[in-house]
Amino acid sequence: MKNIVLFASGSGSNVENIVHYFQENSEVNICAVLTNKTQAKVLDRCNKLKINGLYFNRNAFYESDCVLEILKTFKPDLIVLAGFLWKIPENLIANFPDKIVNIHPALLPKFGGKGMYGKYVHEAVKANNETETGITIHYVNENYDEGAVIRQVKTSVSLDDTPDSIAKKIHELEYEYFPKVIAQLLEVE
Ligand code: GRF
């Protein structure tokens, strides 16, 4: 059995997509979704999907080993950040080396780093007159968006694209590729 723990701070459409993708896979267990936002829509999705949803605050994440100890109980084979906006603390990186992955909605190292998430990324891509953008799935280290790249998938950006139309293209790539890359990393099909 391969155990996955997901982290999310917002809507959780990627979380829902990943849960659906592995729903019929008896080798994969989605242990829980952890969030740092009490009002995150991802918690509503967990209720609907009948997936464990756990909220934690800054103290539990940065000032104590609370989240670390909870994670250890799941014995995760992969920790997946799917729209999680906080930097990962050293204790998690040290305890789960090369087991934490993130998806970023741009072609890192471009348009990454603190504050570069969601619409801000697509607005920057548009403002920069980029002719392409895409997704980056990467390992997580102690800095935002700097770990080793696992997979990048590109899409074109045309002059009549808007940040919203770019976001739509990016979400389509995320939904298609993120679960497949997770399955490859876990060596399950
Ligand atoms: C996605 O665009 C992902 O690339 C980024 O955060 C967003 C999460 O969207 N890391 P959702 O919450 O999964 O809808």
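Throughout, read-outs are computed from the coordinates displayed, never taken from laboratory work. Here the structure is a predicted model, which means the values were calculated and not measured. Cβ: placed from backbone, ideal geometry, glycine included. Neighbour counts: every protein chain shown.
Can you tell which of Gly113, Gly12, Gly134 shows the greatest fluctuation in a Gaussian network model of the chain with Cα springs below 10 Å?
Judging by the Gaussian network model, the answer is Gly113.
Fewest first, what order do Leu159, Leu43, Leu54 take by the number of other Cβ atoms within 10 Å?
Lowest count first: Leu159, Leu54, Leu43.
About the Cα centre, and with charges only on the beta carbon of Lys, Arg (+1) and Asp, Glu (-1), how big is the dipole of the chain? Nearest 20 debye, please.
Charge dipole, the chain, about its Cα centre: 380 debye, nearest 20.
At 222 nm, what helix-only mean residue ellipticity would the chain give, in deg cm²/dmol to the nearest 500, using -39500 (n - 2.57) for each DSSP H run of four or more?
One gets -11000 deg cm²/dmol as the mean residue ellipticity at 222 nm.
List the lysines whose Cα sits under 20 Å from the Cα of Lys168, skipping any in the same chain fewer than 8 residues away.
Of all the lysines, those that pass the test against Lys168 - Cα under 20 Å, at least 8 places apart if same chain - are Lys41, Lys110, Lys119, Lys126, Lys154, Lys180.
Quickly work out the Thr162-to-Lys48 label distance, labels modelled 7 Å from Cα along the C-beta direction, and quote it in nm with one decimal.
Result for the modelled spin labels: 2.5 nm.
Order of Arg45, Arg58 from fewest to most other C-beta atoms within 10 Å?
The fewest-first ordering by Cβ neighbours comes to Arg58, Arg45.
Less than 10 Å Cβ to Cβ from Ala183, Lys/Arg counted +1 and Asp/Glu -1: what total charge do the surrounding residues give?
Result for the neighbourhood of Ala183: -1.
Using only the alpha-carbon atoms, how far is helix 13-22 inclined from the longest principal axis of the chain? Give it as 0 to 90 degrees, nearest 10.
Roughly 60 degrees between the two axes.
For Thr155, Thr35, what's the fewest-to-most ordering of other Cβ within 10 Å of each Cβ?
Thr155, Thr35
Which of Gly147, Leu34, His104 sits closest to the plus end of the dipole of the chain, meaning its Cα is farthest towards the positive end, when Lys and Arg get +1 and Asp and Glu get -1 on the C-beta?
Leu34
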